[in-house]
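Read through the structure below, which is laid out as structure tokens, and then see the notes.
The values are calculated or read from the model by the stated rules, or taken from the named source; none is laboratory data. Being a predicted model, the structure only gives us computed values, none of them experimental. As a convention, Cβ positions derive from the backbone with ideal geometry for all residues, glycine included, and neighbour counts pool all protein chains shown.
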Amino acid sequence: MKKTISFAIMHFSVAFLVTWALTGDFVIGGLVALVEPAVNTVAFFFHEKAWNKMDMGGPKVGHAH
């Protein structure tokens, strides 16, 4: 759990610092730092779903969907 929290802090920090450096706007940096990880989380969910579907070659017997 510590590693996950550490990674989340790093992710937010990088998103904020890169956006702030590119735009010079503290507020936009903060907004991107909040919005980008949320969007990325949703995108990752669908990415994993697609990969699981390709890896499995379709539903397997005995697994609930």
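Go through the range 22-35 and count every residue that is more than 21 Å from the chain's Cα centre (by Cα) and either within 21 Å of Phe7 (Cβ to Cβ) or among the polar types (S, T, N, Q) (or both).
Of the residues in that region, 1 qualify.
Out of all the residues in the range 1-25, which are in a helix (DSSP H, G or I) and surrounded by fewer than 11 Cβ atoms within 10 Å (Cβ to Cβ)?
Lys2, Lys3, Thr4, Ile5, Ser6, Phe7, Ile9, Met10, Ala21
What are the residue pairs meeting all of these: first residue in the range 21-49, first residue more than 12 Å from His11 (Cβ to Cβ) and modelled with pLDDT of 90 or more, second residue of a type in the set (Gly, Ala, Ser) and part of a helix (DSSP H, G or I), Cβ atoms under 7 Å, and 6 or more apart or on different chains?
Final answer for the pair search is Thr23/Gly29.
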